[in-house]
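The values are calculated or read from the model by the stated rules, or taken from the named source; none is laboratory data. Worth saying up front: this structure is predicted, and the values here are computed from it rather than measured. Cβ: placed from backbone, ideal geometry, glycine included. Neighbour counts: every protein chain shown.
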Amino acid sequence: MSVPHFQLVRPQETQLALRGIRVLVGGPEAAPGSSAAASDHEVSEKVSNFLTYAKTIHLDARRQVLALHQPPVGPALIAATCLWVPAPGKSAMLFAPALSEFPDSAPAAQLAIVAAMDDARNDGILLVQAMMEPNDAAGKTTFAAAGLTQLATLTYMERRPPIHPPTFELPADLTLLPYQATTHALFRDAISRSYTQTLDCPALSGLRDIEDVIEGHKAVGTFDPQLWAVLTRGDETLGCLLLAEIPARQALELVYLGLTPEARGRGLGRLLMQRVLAISARRHFSLATLAVDAANLPALRLYRRCGYTSVAQRVAMIKRIA
């Protein structure tokens, strides 16, 4: 059996980029007369929703690599695509069609993924990530073949804010400071030290400079310095709590909660979660949300005690490319 030949193309024209987006959300192009995996109307609606979202985040749909296949008769068809979306902190997210639904596209998708990582590297990206459903065995296999490794299974959790803000009081010897130029070094120290023996995505530790990590955290939702806090005792940093508003969902997102090793096991995590719930209630958010490594059992127990419930899971895969 001959191996199909695929031509890799970076779309420069809007029309070709839109064809790539249709493949991303609806699967490979079929030859005229073939039955499509999804109806034209269904795919068009998905494309429209995607483009609406893309406009809000200023996404360039031309940042794709298309794998074209030339059938014996007719024009070249797009067998697969990989869209890469850069983010602050020298990282990028990779998107490919749902390969569990279109496993025959895996060879073409692998080529597109590798080429997209080359493009990202040439653009200064250090770390690429991909997210997929836990049962997408074909997706995990294809991204692994392209060089990505599994970081974690992420559990997404949420709860409705309490009607009345819970009491939040710090012990007299502790201080919470907001983010500003004069406290930047404290946040840097707290985040760095919180990675020591962490149970939350430990494979991420050391993959990026801490300044890139901070820039990545700032890019989540709407950055508000007053929603970031570093916990100190005198001159000692004990941890930090980074929150962000997600306007599209009217949600308060827990971006990162980290404690230094010496601060763990003292109830400080639960204390900081009380602050999360107090802010979500006072500011009248509709939801309080977070994502956590499913293997981080102490954090899962804490969040469940604070009223959060699991709503979804995704598998995160990563690769340092520079």
statement: Restricting attention to region 49-81, the residues that are modelled with pLDDT of 85 or more and of a type in the set (Ser, Thr, Tyr) number exactly 1
field: Close pairs from region 244-258: first touching a residue at least 40 places away in the same chain (Cβ under 8 Å) and surrounded by fewer than 14 Cβ atoms within 10 Å (Cβ to Cβ), partner in a helix (DSSP H, G or I) and not hydrophobic (A, V, I, L, M, F, W, C), Cβ under 8 Å, at least 6 apart
entry: ALA248/THR56
query: Which residues, counting only those in region 164-181, are touching a helix residue (DSSP H, G or I) at 6+ places or on another chain (Cβ under 6 Å), among the hydrophobic types (A, V, I, L, M, F, W, C) and assigned to a strand (DSSP E or B)?
result: LEU177
field: Considering residues of region 140-163 that are touching a residue at least 60 places away in the same chain (Cβ under 8 Å) and in a helix (DSSP H, G or I) only, the residue surrounded by the most Cβ atoms within 10 Å (Cβ to Cβ)
entry: PHE143
- prompt: In region 171-186, what residues are loosely packed, with under 11 Cβ neighbours inside 10 Å and either of a type in the set (S, T, N, Q) or in contact with a strand residue (DSSP E or B) (Cβ under 7 Å, 6 or more places away or on another chain) (or both)?
  reply: ASP173, THR182
query: Quick one: which of ASP189, ASP200, ASP212 is surrounded by 14 or more Cβ atoms within 10 Å (Cβ to Cβ), in contact with a Gly (Cβ under 6 Å, 6 or more places away or on another chain) and not hydrophobic (A, V, I, L, M, F, W, C)?
result: ASP212
query: Any residue at all in region 259-278 that is within 17 Å of the chain's Cα centre (by Cα), assigned by TED's automatic domain parsing to the domain that holds ILE191 and either within 22 Å of MET93 (Cβ to Cβ) or of a type outside the set (A, V, I, L, M, F, W, C) (or both)?
result: no
